[in-house]
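One structure is given below, encoded as structure tokens.
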Amino acid sequence: MTSSFLKVFWPESANRIQGLVRFRWLAITGMILGVAPMLQVGYLQKSQMPYLMAVIALLAVLNGLTEGIWSRPSAAQEERIVFVQLLVDLLAATGLLFATGSANNPFIFVLCIHAFLGGSLLRRWRSFFFLALVLGLLAILQSETYQDAEVTLNVDHRELYFQFLAQWILIGVAWFVAYLFSDLMQKQEQRIRNLQERQLKADRLKALGALTAGFSHQMATPLNALKLRMDRATRKSAQQLEILGELNEAQESLNECISVFHHMAGVFSQSTEGELQKTKVPSLLRDILKAWKQDNPSFHVETHFEDKDFNCRLQVLAFSQTVFDLLDNAAEASDMSGKISLRLYSESTNLILEIIDSGKGLSQEILSRLGEPFATDKKNGNGLGVYSAHMAAQSMGGEFSLFNNSSGVGATAKFTLPQEGVLS
């Protein structure tokens, strides 16, 4: 029952402006129902009724215009419209308080509600400006109450000062709590969106990997049969040099196709079936780098490792192959006189590995398709290295990113992996 009422009052699709409209209708209803009691206790005089009715009519017209014109604004317009709406509500409420007892009116707490709404619905300078305006209007109300107290006998000014101070504190606390809570909620929502995007990307990559593995399995038999037949044809055509040359070129293309299929299938199987092992990452990286330098002696690699024994749970084979591929990519991007840098450091509970080259960087087209297989601008590349890095990082609970350096020279491949035994 309660849940159904809340859905009617505030549907899941409602934005901030529609929420304000609903709260304003509640306030209008409360003011109409409160007319008789306020007249009876003396907080509202009959002479003030026209002013109250004018305020109610103004708020009702504002609600009607909002529902008809501004109920579905763009993201850029929504903040400004909410700001204006809150200002109108605040000025209307202050006017009513000014006419019905100022700071002595027991409904002065309505300013706390406005401060709370300003802290939760507004951001940056608008929120601070709104708080300053609320406090400024409160000061005007308190000044009016103080002047009335000066001409009234037997007024305890110390109690009045305490009342004024309490009002300032309550309004300030209401704004601060709302602003802090809203900021935390926005950060949490952004974190959830990032996780959802990462999960969506991981699901797409896994689905693509499964499709590729199946495709590779289906194509393996006919490709192998074709390769055997071409081998036999090559041997039989050994005396016909022109035919032999064409067959050799065709065989090289066929071998390249088989290599790509095997690579794709290997990437998928390693990322899904490999066992995670607790590994000392600095020691593993030094072994990988030593082996890579034997095949690439002309390149200079600078290492910047924090002096710690970082432990992570890795699929050692998949991780090692990925680092080899990324080092090959960095070497290909950098010329012989360029340098490659490896950085290993901790950040909170994560371990960060960066492989930095000194090449020309990546084009915007490649950056927009990052992680997709076959997305590459290399003449002889197949785009599987970055795809493999994405799959390996996700299978180990981390993430992989590739971006151009802010200096304008080269690009950075960045692994983020959770450390073993480090609590958040």
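The values are calculated or read from the model by the stated rules, or taken from the named source; none is laboratory data. All values derive from a computational prediction rather than experimental measurement. Neighbour counts run over all protein chains shown; Cβ positions are idealised from the backbone, glycine included.
Quick check, is LEU44 in the same structural domain as ILE169 (by TED's automatic domain parsing), of a type in the set (A, V, I, L, M, F, W, C) and not in a helix (DSSP H, G or I)? Judged against the criteria, LEU44 is a match.
Checked against (1) at pLDDT below 85; (2) assigned to a helix (DSSP H, G or I); (3) exposed (fewer than 12 other Cβ atoms within 10 Å of the Cβ), GLY136 meets all criteria but (1). Just one residue in the set ALA330, ALA411, ALA393 is farther than 23 Å from GLN294 by Cβ, buried (at least 21 other Cβ atoms within 10 Å of the Cβ) and at pLDDT 85 or above; that residue is ALA411.
Give the residues of the range 110-126 that are of a type in the set (Gly, Ala, Ser) and crowded, with 22+ Cβ neighbours inside 10 Å, sorted by residue number. Those that are of a type in the set (Gly, Ala, Ser) and crowded, with 22+ Cβ neighbours inside 10 Å: ALA115, GLY118, GLY119. In summary, no strands (runs of 3 or more DSSP E) completely within the range 277-340 bear 3 or more residues that are in contact with a Gly (Cβ under 9 Å, 6 or more places away or on another chain), among the aromatic types (Phe, Trp, Tyr) and not assigned by TED's automatic domain parsing to the domain that holds SER388. Checking the stated criteria, ILE32 turns out not to satisfy the condition of being modelled with pLDDT of 75 or more and surrounded by 14 or more Cβ atoms within 10 Å (Cβ to Cβ).
Sub-6 Å Cβ pairs linking a first residue in the range 348-377 that is surrounded by 19 or more Cβ atoms within 10 Å (Cβ to Cβ) and part of a loop (DSSP other than H, G, I, E, B) to a second residue that is modelled with pLDDT of 70 or more and aromatic (Phe, Trp, Tyr), at least 6 apart or interchain, are PRO373/TYR387, ordered by first then second residue.
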